[in-house]
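Visitor: Below are the structure tokens for one structure; questions will follow.
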Amino acid sequence: MEPKYPTISAILPVYNERENLDTLMTRLPPVLDSAADGLFEIVFVDDGSRDGSAEILDSISASDPRVRVIHFSRNFGHQAALQAGLDAAVGDAVILMDADLQDPPEVLHQFIEKWQQGYDVVYAVRRKRKENWLKRAAYSIFYRSMKVIAEIDVPLDVGDFCLMDRRVVDTLVTLRERHRFLRGLRSWVGFRQIGIEYQRDARLAGAPKYTLRKLIGLALSGYIGFSSMPLRAAAWLGFLSAAGGFSIAIWVLVRTLIELPSPPRGWASTMSVILFVGGVQLFVLGIIGEYLGRVYDEVRNRPLYVVRSRTGFSATDEASK
């Protein structure tokens, strides 16, 4: 009798989430069980947790053969963890979601229903977020500015929470760029996509793992990875600065020709111009440096992540990795 491969694979990155794992495992498996007739797998990617999450995940995998765990050698980040799950998943459809239960498992019924109707990508649209106003405002500004400057159509208020058909996953797996912005790559590959609105819950327990620094890095990956607009803006800023300087020079020349030259007056205006021009130059160099830094990372061709161990995978799975 041939083994039955899972219809649905659920990928969940984990970084210090021990407070949420028990509740997650009481809510997620029943949803997948009813939606996929028991043919599912849950792939946890331990992103270098240091709070005992790794041991809890191994214990869950030992008691449930449908649960698999990938342990990173250190913290490589949320996007790398999602990619590791995509590399390992074998289901006909693959779900990406967070382990902090801000992405409610109960929404997955709607995802799977749309997938069965023929959609290749079903993504969740955040109708409401239970977070502080500053974070909500920052996300809103990012998504709307990304919508304006991106060279692809990135849906508003959409994160990584989604379901993707196997052919979409196979395409994403071939894209090995280092600074990953999966929600952008998901839009870039195309296929038939649809969004479903949901209310993003507050974190069940623990502290958010996306720090301000990580959020800024993710935003830069989105801006730089899917738009050359910052480079064009830098060029236009340089042009406007040069035009402004040329206009001032013309104005001084004309005034000198039609009036008697006045004696020099202080240094404040001169310093302000020098500092402004210097600031513009450094700003432009910073933009160019961001692009060059990413090119350098691609040229080094280091792996996206390093796996320390795997739990719950068969010998055949291990040999294929």
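Visitor: Starting from the Cα gyration tensor of the stretch 47-86, take the square roots of the eigenvalues, sort them a ≥ b ≥ c, and report rounded, prolate or oblate (rounded when a/c is under 1.5, otherwise prolate if a/b is larger than b/c, else oblate). Working shown, then result.
Guide: On the way: a/c = 3.25, a/b = 1.40, b/c = 2.33.
The shape class here is oblate.
Visitor: Give the shape of the stretch 81-121 as rounded, prolate or oblate, defined through the alpha-carbon gyration tensor: a ≥ b ≥ c are the square roots of its eigenvalues, a/c under 1.5 means rounded, and otherwise the shape is prolate if a/b is larger than b/c and oblate if not.
Guide: Working: a/c = 2.80, a/b = 1.15, b/c = 2.44.
Because a/c hits 1.5 or more and a/b fails to exceed b/c, the stretch 81-121 counts as oblate.
Visitor: Amide H of LEU39: which non-local residues (sequence gap of 5 or more, or other chain) have their own amide H closer than 5 Å, using H built in the peptide plane?
Guide: Correct list: THR7.
Visitor: Can you list residues whose amide H is under 5 Å from VAL125's amide H, if they're 5+ apart or on another chain and H is modeled 1.01 Å from N?
Guide: ILE196, GLU197, TYR198
Quick note: the coordinates plus some simple rules give every number you see, no bench work behind them. Computed from a predicted structure; not experimentally measured.
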